[in-house]
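One structure below.
The values are calculated or read from the model by the stated rules, or taken from the named source; none is laboratory data. Please read all numbers here as calculations on a predicted model, not as lab measurements. With ideal geometry, Cβ positions are generated from the backbone for all residues, glycine too; neighbour counts draw on all protein chains shown.
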């Protein structure tokens, strides 16, 4: 799970790896997943919500890794 999460983070954060809360894609993902709770995403909120929803984020990263594997073998 951790490796999948790190892999997904590396891909999703793109040019914002040191400050992922500023990445348009990461912001969109958080807003889609959490709704109004993620509207004002800053560093503190990003880390608080990442920790709070770590199990759900891990399951999503596992699913994304499974989809990447399926695409490679298709």
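The table below lists the values:
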read-out	value
Residue count, segment 28-41 (criterion: surrounded by 14 or more Cβ atoms within 10 Å (Cβ to Cβ) and assigned to a loop (DSSP other than H, G, I, E, B))	1
Selection count where residues are free of Cβ contacts under 8 Å to residues at least 12 places away in the same chain and exposed (fewer than 15 other Cβ atoms within 10 Å of the Cβ), scope segment 47-56	6
Some residue of segment 17-27 being at pLDDT 90 or above, loosely packed, with under 11 Cβ neighbours inside 10 Å, out of contact with any helix residue (DSSP H, G or I) (no Cβ under 9 Å at 6 or more places or on another chain) and not in a loop (DSSP other than H, G, I, E, B)	no
Given (1) surrounded by 12 or more Cβ atoms within 10 Å (Cβ to Cβ); (2) touching a helix residue (DSSP H, G or I) at 6+ places or on another chain (Cβ under 9 Å), number of the condition residue 59 does not satisfy	(2)
Only listed residue being free of Cβ contacts under 8 Å to residues at least 12 places away in the same chain and not in a helix (DSSP H, G or I), chosen from 74, 44	74
Failed criterion for residue 12 (all others in (1) modelled with pLDDT of 90 or more; (2) outside any loop (DSSP other than H, G, I, E, B) hold)	(1)
